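S.K.: The structure that follows is given in the form of structure tokens.
Every read-out reported here was derived from the displayed coordinates using simple, explicitly stated rules and does not represent laboratory data. What you see is a predicted model, and the numbers here were worked out from it, not measured in a lab. So basically every Cβ, Gly included, is an ideal-geometry build from the backbone, and we count neighbours across all protein chains shown.
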Amino acid sequence: MNSVKTVLLILLFSSQLFAQGFKFIAMSDSRGRYNGVNDSVLSKIVSNIIETQPEAKFVIFAGDMVDGNRIDPDRTFGELMHWKDVMKPIYDSPNMIWPKIWPVVGNHEIQHRKDEDNFRKAFPNVYANGPADEIGLSYSFDFENTHFTIVNTERWYYGDPNDTTDDRRDWHYIKHLDWLENNLKSARERGIEHIFVISHDMIYPVGGHLRDGLANLGRNFTGEMDSTRTWYMGRRQKVIDILEEYDVSAHICGHEHLYSRQKVNGVYEIIAGSTGAPLYYFNPVYRTDADSHYVGEEMSYAKAIPYYEALDYYHGPGENSQASRNFVGIRAFNYVVFDVQEDYINAKTYGAYPTESSRSEMGTKIELIDEFVIRK
Ligand SMILES: [Fe+2]
């Protein structure tokens, strides 16, 4: 072996020994009043990322970029184009790498039969490696030692757009569980260190979407498990089993407009749920006036109990009404920076609180609001 080759090999080995890892950002839910987008909050977050996160390699945006529309798919497409304009500093950033933003489809982007095609047209820069009927909506990629699987939870029911009582529109599920499982399995077989699964909908709703999410227990659930609810709960359980079996570091999602993180049976679920969409309140917690319904809460504590029981949530006196006891929930606009290292991931969440009178206006500056470490 000549000396040049030896030097190259030493350089190669030492670069692997001292690998610096990489950073990426997760965020979601920026819909709002101006052309479907909350320009004011989203652009402040984007500026903050550009100023303070020069090492981030890409952004994963977990859905509900825009309001969308049940009647007019062209309007939704126009809103997505406007969203890309607001995100332009990220698309233009020389520090980020292709495609700079990995899009995840949310329910607001999928309200009309033409919307799936429009989403593909709006975001052509993803890998076409998902299930045949979900190209551009479900896909995966590797970056360094880490695998990312983006999976569509918006299997939409295109019902009567004028029937506001039809809650089948809120039904979400992952159609291609086999694809998800095989995708994670093959990542493990090729020796990937970390796996992230990203979708718009959450497994464990923490506020506002207790009746839907992947569990889909529906409105006015009183504890009776009919065949539809059993079907959805079974699908959800299968997702939980897959994430656990392949030792997924975190399931990242949005849909609920707040920040939360919890670890359930070894897998983190992180809701990075608002970069502008109106902030939610958390699930009601134990109280003696169980039937009273407080401002901002989706339902009273009494009405929430059957959901907590079905979802196996802690919900007694002094509990947090969530699936895990290490639950952390913060009602703030937010983004999460993941610093991925060889055998651990450091996560830092930056956020800003709303003004006193509004759910959609930023009232404080953006600062560190949470930090945690995901260990293998
Ligand atoms: Fe959503």
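S.K.: Could you pull out the trypsin sites (Lys or Arg not before Pro) across the stretch 209-240 that fall in loop regions by DSSP (anything but H, G, I, E, B) with no more than 12 other Cβ atoms inside 10 Å?
M.R.: ARG219
S.K.: Most exposed first by the Cβ proxy, i.e. fewest other Cβ within 10 Å, how do SER199, SER93, SER292 rank?
M.R.: SER292, SER93, SER199
S.K.: Let me ask another. Which aspartates and glutamates have a Cα less than 13 Å from the Cα of LYS238, not counting those fewer than 8 places away in the same chain?
M.R.: Filter leaves ASP178, GLU181.
S.K.: Can you put TYR281, TYR307, TYR127 in order, fewest other beta carbons within 10 Å first?
M.R.: Ranked by crowding around the Cβ, least crowded first: TYR127, TYR281, TYR307.
S.K.: Which of the pairs LYS84/LYS348; LYS44/LYS100; LYS100/LYS348; LYS263/LYS376 have their Cα atoms more than 22 Å apart in this structure?
M.R.: Cα-Cα > 22 Å for LYS84/LYS348; rest within.
S.K.: In the stretch 22-149, what % of DSSP beta bridges are antiparallel (nearest 5)?
M.R.: Of all bridge pairs located within the stretch 22-149, approximately 45 percent are antiparallel.
S.K.: Using θ = phi - 60° and the Karplus curve 6.51 cos²θ - 1.76 cosθ + 1.60, what whole-Hz ³J(HN,Hα) does each residue of the stretch 313-327 get, with Gly and Pro shown as x?
M.R.: The phi angles translate into 9, 5, 8, x, x, x, 9, 9, 6, 9, 6, 10, 7, 9, 4 Hz.
S.K.: To continue, here is another question. Can you list residues whose amide H is under 5 Å from GLN322's amide H, if they're 5+ apart or on another chain and H is modeled 1.01 Å from N?
M.R.: Under 5 Å from the amide H of GLN322 lie the amide H atoms of TYR314, each far enough along the sequence or on another chain.
S.K.: Now a separate question. Relative to the Cα centre, what is the charge dipole magnitude of the chain, using +1 at the beta carbon of each Lys and Arg, -1 at the beta carbon of each Asp and Glu, and rounding to the nearest 20 debye?
M.R.: Its charge dipole is roughly 640 debye.
S.K.: If you take the charge dipole of the chain about its Cα centre, with +1 on Lys and Arg Cβ and -1 on Asp and Glu Cβ, which of VAL285, TYR308, PRO205 is farthest toward its positive end?
M.R.: Going by the Cα projections, it comes out as PRO205.
S.K.: Quick one: work out the % antiparallel among DSSP beta bridges in the stretch 21-367, nearest 5.
M.R.: In the stretch 21-367, DSSP labels about 60 percent of beta bridges as antiparallel.
S.K.: I've got another one for you. When the Cα centres of the stretch 58-129 and the stretch 340-376 are compared, how far apart do they sit, in Å?
M.R.: 23
S.K.: Skipping prolines and chain starts, which residues have an amide H placed within reach, meaning under 5 Å, of the one on GLN341, given they are 5 or more residues away or on another chain?
M.R.: Sorted by chain and number, the residues that satisfy this are ASN346.
S.K.: By the scheme Lys and Arg +1, Asp and Glu -1, what is the net charge of all other residues having a beta-carbon under 15 Å from that of LYS100?
M.R.: Its environment carries a net charge of +1.
S.K.: Something else now. May I ask you to evaluate 6.51 cos²θ - 1.76 cosθ + 1.60, the Karplus curve with θ = phi - 60°, for each residue of the stretch 113-120 and list the ³J(HN,Hα) values in order in whole Hz, giving x for glycine and proline?
M.R.: 4, 8, 5, 4, 5, 5, 5, 4
S.K.: Another question, then. Search the structure for amide H atoms under 5 Å from the amide H of TYR204, placed 1.01 Å from N in the peptide plane, and list their residues when 5 or more places away or on another chain.
M.R.: Result for TYR204 returns nothing.
S.K.: How would the stretch 21-367 be classified by its alpha-carbon gyration tensor: rounded, prolate or oblate, with rounded meaning a/c under 1.5 and the a/b versus b/c comparison settling the rest?
M.R.: Rounded shape, in that the Cα axes give a/c under 1.5.
S.K.: List the GluC sites (Glu not before Pro) within the stretch 166-251 that DSSP assigns to loop and that have no more than 12 neighbouring Cβ atoms inside 10 Å.
M.R.: For GluC sites (Glu not before Pro) across the stretch 166-251 that sit outside H, G, I, E and B with at most 12 neighbouring Cβ atoms in 10 Å, the list reads GLU224.
S.K.: Which order do THR153, THR146 fall in if you start with the one that has the fewest other Cβ atoms within 10 Å?
M.R.: THR146, THR153
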